[in-house]
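Heads up: the structure comes next, in structure tokens.
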Amino acid sequence: MSLPVLSVAEIRSIEAEADAQGYSYASMMDDAGRAVAEYAAHLLSGVTTPRISLLIGRGNNGGDGLVAARELPNSLPGAQVRVYLIERREDDPLLESAQARGVFVSYAEDDHDGRVIKQMSASSDLIIDALFGIGVRLPIRDSAQRVLRYVRQSLNERALARRAKPVLSAAAPGQIERPPRQFVLAVDCPSGVDCDTGAADPVALKADVTLTFIAPKPGLFTFPAAGLVGEALVVPLNMPEGISLFKHTSLVLIDNESARALLPRRPLDANKGTFGRVLLVAGSNRMPGAAGLAAKAAYRSGAGLVEVAAPADAISVLQTHLLEAVWTPLAERNGYIVTEALLELKSRLAHADTLVIGPGMGGPEHNGVFVQELLLSLSNEDTKRPVIVDADALNALAVLPNWHTLLPPDAILTPHPGEMARLTHSAVVEVQKDRLKVTALAAAEWQAIVILKGAHTVIAAPDGRVAISPIKTDALAKGGTGDVLAGLLGALRAQGAKPFDAACLAVYLHGVAGLIASERAGYSGGILASEVADALPAAFARISSG
């Protein structure tokens with residue numbers, strides 16, 4: 001089951017409901033703080049006498065941090081635990097219990113020149129950020145702003161010093177004197193992040209890991225905040241069984257468990273017909289590789305047979321690189337598919353289980369009429385053939401009035417932000433400002449599954465369901481990776497996956513394949529789209545194995 005993504009108001013409502021059922025706010029705070037201490041111990045395992053500093057604010061987030069400070073001496077024997085308090089009472093029972101465990105305490109109000117917080121930050125192996133929780137109001141002001149600025153400065157200076165210092169020796173196995181760098185662990189969310197909108201204050205700390213409680217929040221997957229979260233891990237706490245998180249939202253985060261449940265079955269007595277036939281209408285003389293990448297991805301994702309319909313010259317470039325495909329040359333002019341190709345396509349469509357149209361076809365000035373006529377012919381068919389509309393087919397549609405009326409039922413559209421801006425007649429900055437809302441509204445208006453690509457890709461269905469990918473990697477910020485996704489989608493639909501399920505699974509697999517390709521190469525910036533396609537079988541294996 002996917003993870004529900006909940007707004008701050010929804011989290012508050014769930015906390016109140018849990019408290020009313022006997023799971024008190026104090027118990028939630030204890031469980032949250034213990035989880036932070038346990039993860040800190042995991043992060044610093046093997047480090048001798050680790051130094052940990054906790055930034056503690058006045059609210060419940062600070063309470064979580066104080067519980068963690070109290071528990072850390074048990075979780076990490078020998079650790080030096082220091083607490084830096086901002087606007088918190090000295091007679092706080094949680095503070096007193098931490099001090100009873102030998103935790104050092106310092107107060108921002110006494111640190112007029114910032115010397116203490118600078119020294120604490122510079123000397124720490126781990127900084128635990130528990131200043132503000134999910135209810136922060138931006139911008140951050142006064143002492144909190146000053147403290148966060150000091151911490152950021154210290155982190156930057158130490159990072160620069162470490163990069164400049166040569167490594168002269170290695171510690172004995174299991175006896176790491178100091179970790180290779182400082183870590184920042186955020187409690188619930190990085191301080192200075194709006195968990196609903198994704199807005200972030202300029203002084204917000206960048207975390208390596210964020211432990212978020214009960215459920216993930218939408219702002220953690222929206223930039224600029226998403227760039228500060230690091231790895232987001234959900235700590236569900238011990239919610240009473242009677243509380244259902246899913247009744248609060250139709251927005252979910254795809255995870256490995258939910259993706260595994262969507263994988264197509266692969267019976268041993270199958271044949272190629274069992275796994276479907278994908279027809280790709282793609283490519284041009286200028287961009288023949290797009291068709292090849294989509295075809296390779298479709299095969300790597302389990303399709304039984306892949307047919308590529310493209311200009312003859314594009315096919316001649318690709319045939320020796322992909323031996324398994326069936327090739328159908330189409331009528332073309334100056335290297336681009338033209339409307340005369342529809343007659344040939346009609347006979348090929350009769351044999352196809354799924355149609356993918358768009359990768360590498362060229363702009364609307366070359367194929368706009370062709371795309372329009374092809375989709376119109378599909379919408380007039382009695383059969384409900386799965387259709388994926390990608391790349392240049394989207395650009396061809398964007399110049400037409402009421403273009404969405406041409407879409408057959410259950411079509412899947414795969415725009416990147418630029419294509420989405422053209423389809424919605426808006427600007428890229430407007431699309432990126434609220435990706436969740438833009439995608440959901442588009443899916444409802446167009447009556448199609450819409451995949452807005454990018455870091456934390458968003459998938460929306462016409463019925464209001466919205467899903468977010470947990471993955472962000474620059475390995476996918478490369479020409480051709482969108483063609484890989486299109487072929488992957490075609491394969492999943494040909495194997496019988498339902499439209500929204502196929503979209504969610506494809507996006508997740510695509511992200512995992514990007515991560516695997518990066519692991520294999522050792523550098524995400526040098527990944528080729530073909531390497532992402534080649535990593536798809538490993539992505540299927542990783543998901544299926546848990």
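Okay, here's what the table says:
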| item | result |
| --- | --- |
| Residue selected from region 394-410 under the condition on the phi < 0 side of the Ramachandran plot and in contact (Cβ under 8 Å) with a residue 40 or more places away in the chain, by the criterion most open to solvent (accessible area, probe 1.4 Å) | His404 |
| Considering residues of region 187-209 that are within 21 Å of Leu66 (Cα to Cα) and over 18 Å from the mean Cα position of the chain (by Cα) only, the residue surrounded by the fewest Cβ atoms within 10 Å (Cβ to Cβ) | Leu205 |
| Residue check for Thr339: more than 32 Å from the chain's Cα centre (by Cα) and in contact (Cβ under 8 Å) with a residue 24 or more places away in the chain | yes |
| Total residues in region 145-190, condition among the polar types (S, T, N, Q), at pLDDT 80 or above and farther than 15 Å from Ser53 by Cα | 3 |
| Residue within region 292-312 that is over 35 Å from the mean Cα position of the chain (by Cα) and in contact (Cβ under 8 Å) with a residue 12 or more places away in the chain present | yes |
| Criterion: acidic (Asp, Glu) and modelled with pLDDT of 95 or more - qualifying residue of Asp91, Asp113, Asp64 | Asp64 |
| Check on Ala341, farther than 29 Å from Val507 by Cα and open to solvent by less than 20 Å² (accessible area, probe 1.4 Å) | yes |
| Extreme residue, nearest to Leu72 (Cα to Cα), among residues of region 101-150 that are touching an Asp or Glu at 6+ places or on another chain (Cβ under 8 Å), in a loop (DSSP other than H, G, I, E, B) and open to solvent by less than 60 Å² (accessible area, probe 1.4 Å) | Gly133 |
| Unique residue being part of a helix (DSSP H, G or I), at pLDDT below 95, open to solvent by 10 Å² or more (accessible area, probe 1.4 Å) and of a type in the set (Val, Ile, Thr) when the list is Val438, Val429, Val369 | Val369 |
| Test: residue in region 478-500 that is out of contact with any Phe, Trp or Tyr (no Cβ under 9 Å at 6 or more places or on another chain), part of a helix (DSSP H, G or I) and surrounded by fewer than 24 Cβ atoms within 10 Å (Cβ to Cβ) | yes |
| Residues located in region 374-393, provided they are of a type in the set (Ser, Thr, Tyr) and either assigned to a loop (DSSP other than H, G, I, E, B) or in contact (Cβ under 8 Å) with a residue 60 or more places away in the chain (or both) | Thr383 |
| Selection within region 400-414 - under 20 Å from Leu452 (Cβ atoms) and assigned to a loop (DSSP other than H, G, I, E, B) | Leu407, Asp410, Ala411, Thr414 |
| Breaking point among (1) open to solvent by 10 Å² or more (accessible area, probe 1.4 Å); (2) under 23 Å from Thr274 (Cα atoms), for Ser518 | (2) |
| Selection from region 519-546 of residues that are in a helix (DSSP H, G or I), of a type in the set (Gly, Ala, Ser) and free of Cβ contacts under 8 Å to residues at least 24 places away in the same chain | Ala521, Gly526, Ala541 |
| Criterion violated by Ala503 - all others in (1) in contact (Cβ under 8 Å) with a residue 60 or more places away in the chain; (2) hydrophobic (A, V, I, L, M, F, W, C); (3) within 27 Å of Val281 (Cβ to Cβ); (4) open to solvent by 30 Å² or more (accessible area, probe 1.4 Å) satisfied | (4) |
| Index of the failed condition, Gly46 passing every other in (1) at pLDDT 95 or above; (2) in contact with a strand residue (DSSP E or B) (Cβ under 6 Å, 6 or more places away or on another chain) | (1) |
| Within region 36-68, tally of residues that are out of contact with any Leu (no Cβ under 8 Å at 6 or more places or on another chain) and open to solvent by 40 Å² or more (accessible area, probe 1.4 Å) | 7 |
| Filter result for Ala533 (open to solvent by less than 20 Å² (accessible area, probe 1.4 Å), over 18 Å from Gly360 (Cα atoms) and among the small types (Gly, Ala, Ser)) | no |
| Residue list for region 442-457, restricted to those being farther than 16 Å from Leu423 by Cα and hydrophobic (A, V, I, L, M, F, W, C) | Ala455 |
| Filter pass, Ala226 being out of contact with any Lys or Arg (no Cβ under 8 Å at 6 or more places or on another chain), open to solvent by less than 30 Å² (accessible area, probe 1.4 Å), in a helix (DSSP H, G or I) and under 18 Å from Ile471 (Cα atoms) | no |
| Single unsatisfied condition, Ser469 versus (1) open to solvent by less than 10 Å² (accessible area, probe 1.4 Å); (2) among the polar types (S, T, N, Q); (3) over 17 Å from the mean Cα position of the chain (by Cα) | (3) |
| Residue in region 473-494 that is among the polar types (S, T, N, Q) and either within 15 Å of the chain's Cα centre (by Cα) or on the phi > 0 side of the Ramachandran plot (or both) present | yes |
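The values are calculated or read from the model by the stated rules, or taken from the named source; none is laboratory data. The shown structure was predicted, so the numbers you read here are calculated from the model rather than taken from an experiment. A quick note on method: Cβ atoms are made from the backbone with ideal geometry, for glycine too, and the neighbour counts reach across all protein chains shown. Protein only, heavy atoms only, side chains kept; ligands, DNA and RNA dropped before computing areas. Shrake-Rupley method; radii C 1.70, N 1.55, O 1.52, S 1.80 Å.
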